[in-house]
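Below is one structure, written out as structure tokens; comments come after it.
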Amino acid sequence: MSTESLPYPDTSTIASSPEQRAATPLTVWAGSPGVLLIHGFGGDPAEVRSLAAACIREGYSVHAPLLPGHGALPDALAGVRWQQWAETAAQGFAMLRHRCSEVVVVGFSMGALLALLLAAQLPVERLVVLAPALSLRGQLLVNLSGIARYAISWYYPLAGADFKDPALRALIHHRAPDADLDDPVVCEQLRRTVRVPLAAIHQLTLLQRYAWRVLPRVTAPTLVVQGRDDTTVDPRSAGQIVRRISSTDCRLVWLDGYGHQLLLGEGGERVVHIIIAWLQGHL
């Protein structure tokens, strides 16, 4: 199975224990505004670390929470509900708001949906939405997870993976830099052991539906950034969000040649620059 057909947003949680990189929340107090950075499904704060570093250099306070069930192998997502992800994001917002006069919220992929929920309910000063997972490639299969989870507990995303695929190798090395993807034994271990609970994928679909309903309540100035070559999220999600939210100050940036992981890799620096420049123009 290629990365294009993966029915969940991110593969950055993939790791080959025991070399797995530990994931922890990131908090740095500098000045106001505070910037809340929310990672994606199956990811961790490392996905937004480059943007966090740039915000800190600009004198902003930063908090990047670790969402429940994340930061370990994907099977840790079993039993976690989407409301727990939303509550963690809300707690992060409250922590920043306690010490900063203004709070900016940035969300990536599933984190973008959580960011939209916050902006619909709380006084978010500015909102940045990166590759929003409002609809995924293969969304029909994702929607079937609500039924399939009663018959099948686990989905093995790497069962037929091509470990020569540069995009897949980059995602795995992001989480497990010591994994030897040229070793057939390591590759076979990943195929057999990396699994995602179908119940967790179902929770993602519930979050998508709720986010869609609350979009008209979003009034904060909003920046949406979307790669045209995203093989995880349906790029049309970006335009749907722009049309449905009620913000009178909304900008959509399309990036040619960019996939899903906008902040990682060689192109990440450009995305960080776009975000910082937009924030500086508004704050």
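Selection of segment 34-46 for residues being at pLDDT below 95 and of a type outside the set (D, E, K, R) yields GLY40, PHE41, GLY42, GLY43, PRO45, ALA46.
Okay, residues lined up against (1) touching a Pro at 6+ places or on another chain (Cβ under 9 Å); (2) closer than 17 Å to ALA133 by Cβ; (3) surrounded by fewer than 21 Cβ atoms within 10 Å (Cβ to Cβ):
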{"residue": "ASP182", "(1), (2), (3)": "no, no, yes"}
{"residue": "GLU188", "(1), (2), (3)": "no, no, yes"}
{"residue": "ARG192", "(1), (2), (3)": "no, no, yes"}
{"residue": "ILE201", "(1), (2), (3)": "yes, yes, no"}
{"residue": "ALA211", "(1), (2), (3)": "yes, yes, no"}
{"residue": "VAL214", "(1), (2), (3)": "no, yes, yes"}
{"residue": "VAL225", "(1), (2), (3)": "no, yes, no"}
{"residue": "ASP230", "(1), (2), (3)": "no, yes, no"}
{"residue": "CYS250", "(1), (2), (3)": "yes, no, yes"}
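Residues in segment 232-245 that are surrounded by 22 or more Cβ atoms within 10 Å (Cβ to Cβ) and more than 13 Å from PRO132 (Cα to Cα): ILE245 alone.
Restricting attention to segment 36-44, does a residue exist that is farther than 27 Å from ASP229 by Cβ and crowded, with 24+ Cβ neighbours inside 10 Å? Yes: segment 36-44 contains one or more residues that are farther than 27 Å from ASP229 by Cβ and crowded, with 24+ Cβ neighbours inside 10 Å. Considering (1) closer than 23 Å to ALA52 by Cβ; (2) assigned to a loop (DSSP other than H, G, I, E, B); (3) in contact with a strand residue (DSSP E or B) (Cβ under 6 Å, 6 or more places away or on another chain), the lone condition that VAL225 does not fulfil carries the number (2). Could you please give the count of residues in segment 50-60 that are touching a residue at least 40 places away in the same chain (Cβ under 8 Å) and either surrounded by 17 or more Cβ atoms within 10 Å (Cβ to Cβ) or in contact with a Leu (Cβ under 7 Å, 6 or more places away or on another chain) (or both)? Here the count works out to 5.
Out of LEU117, LEU134, LEU171, one residue alone is at pLDDT 65 or above, crowded, with 19+ Cβ neighbours inside 10 Å and under 15 Å from HIS202 (Cα atoms). It is LEU134. Taking the criterion of being part of a helix (DSSP H, G or I) and either of a type in the set (Gly, Ala, Ser) or buried (at least 24 other Cβ atoms within 10 Å of the Cβ) (or both), the residues of segment 97-114 that qualify are MET110, GLY111, ALA112, LEU113, LEU114.
Scanning segment 61-91 for residues that are touching a residue at least 60 places away in the same chain (Cβ under 8 Å) and either touching a strand residue (DSSP E or B) at 6+ places or on another chain (Cβ under 8 Å) or outside any helix (DSSP H, G or I) (or both) yields GLY69, LEU73, PRO74, ASP75, LEU77, ALA78, GLY79, VAL80, ARG81. Here ARG270 meets each of (1) charged (D, E, K, R); (2) modelled with pLDDT of 95 or more; (3) under 18 Å from MET110 (Cβ atoms) with one exception, condition (3). Looking across segment 253-283, just one residue is free of Cβ contacts under 8 Å to residues at least 40 places away in the same chain, touching a Leu at 6+ places or on another chain (Cβ under 9 Å) and part of a helix (DSSP H, G or I), and that is ARG270.
The values are calculated or read from the model by the stated rules, or taken from the named source; none is laboratory data. Note that the structure is a prediction, hence the values are computed from the model and not measured. When we count neighbours, we look across all protein chains shown, and the Cβ atoms used for this are built from the backbone with ideal geometry, even at glycine.
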